[in-house]
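Enquirer: Below are the structure tokens for one structure; questions will follow.
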Amino acid sequence: MLASIDVPDPFDVQVFCERIAAQRGRPLHLHSVPGISGTDAPCGVWIATEKADHIFHEAATSPLHQDHIILHEIGHMLLGHRSILDGVQTDGGGLFPDIDPATVVSLLTRTSYGTEDERDAERLAGLIAGKAAAPRTSKTPRSSVLRRLGDALSDS
């Protein structure tokens with residue numbers, strides 16, 4: 001799967017998301033939200049509506065962590081993970097007022113890595129980060145942030 005993922009060089013998370021949206025044939029919107037993380041709270045959320053994908057990530061964290069959260073949620077998308085919505089509050093507890101709860105077809109949040117889906121999404125995020133950090137040409141230096149992200153995730 002990794003070989004089929006078009007990672008921009010140099011890496012830019014917004015450009016990457018545009019490519020994923022084009023690949024999936026549906027818009028992908030990023031939302032930076034303050035205060036969505038904390039004890040037993042997710043630091044990232046993927047909401048799939050009938051027409052688009054939305055990734056929400058914690059605003060009060062480093063850009064490196066934000067990129068990783070986004071890559072993790074994209075991992076869920078690319079791996080075809082689905083949520084079970086029965087009895088789940090699809091408005092995100094009021095955190096996502098721009099999303100009509102009636103249009104939500106899937107909602108995934110991460111508070112731990114206790115499930116196989118979470119571990120798989122985390123592995124794919126690490127592989128994408130590693131691909132983004134790997135030098136592909138001698139002319140294009142990798143940013144130190146991406147190099148550190150790739151190094152950190154390849155050890156896990």
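Enquirer: Name the residue that is modelled with the lowest pLDDT, counting only residues in the stretch 27-69 that are in a strand (DSSP E or B) and polar (S, T, N, Q). Show your work before the answer.
Expert: Quick first cut of the stretch 27-69, residues in a strand (DSSP E or B) only: 28-33, 38, 41, 44-49, 53-58.
Still in the list and also polar (S, T, N, Q): 32, 49.
On the way: 32: 90, 49: 86.
Filtering first and then ranking leaves 49.
Enquirer: Which number in (1) under 26 Å from residue 131 (Cβ atoms); (2) modelled with pLDDT under 90; (3) in a strand (DSSP E or B) marks the one condition that residue 105 misses?
Expert: Condition not satisfied by residue 105: (1).
Enquirer: A follow-up question, please. Could you please find all residues in the stretch 108-146 being at pLDDT 60 or above, open to solvent by 70 Å² or more (accessible area, probe 1.4 Å) and either under 21 Å from residue 64 (Cβ atoms) or not hydroxyl-bearing (Ser, Thr, Tyr) (or both)? Reasoning before the result, please.
Expert: Let us first name the residues in the stretch 108-146 that are at pLDDT 60 or above, namely 114-137, 143-146.
Pick out the ones that are also open to solvent by 70 Å² or more (accessible area, probe 1.4 Å) and you get 115-116, 119, 123, 127, 135-136.
The answer is 116, 119, 123, 127, 135, 136.
Enquirer: For residue 82, which of the numbered conditions (1) open to solvent by 60 Å² or more (accessible area, probe 1.4 Å); (2) assigned to a helix (DSSP H, G or I); (3) modelled with pLDDT under 95 fails to hold?
Expert: Failed condition: (2).
Enquirer: If you don't mind, another one. May I ask you to list pairs of residues, at least six apart or on different chains, whose Cβ atoms are under 7 Å apart, with the first in the stretch 1-16 being under 10 Å from residue 131 (Cβ atoms) and the second being open to solvent by less than 60 Å² (accessible area, probe 1.4 Å) and among the hydroxyl-bearing types (Ser, Thr, Tyr)?
Expert: Correct list of pairs: 9/140.
The values are calculated or read from the model by the stated rules, or taken from the named source; none is laboratory data. Keep in mind that what you see is a predicted model, and the values were worked out from it rather than measured. Glycine also receives a Cβ, built like all others from the backbone with ideal geometry; neighbour counts cover every protein chain displayed. The area values use the complete protein model at the heavy-atom level, side chains included, leaving out ligands, DNA and RNA. Shrake-Rupley method; radii C 1.70, N 1.55, O 1.52, S 1.80 Å.
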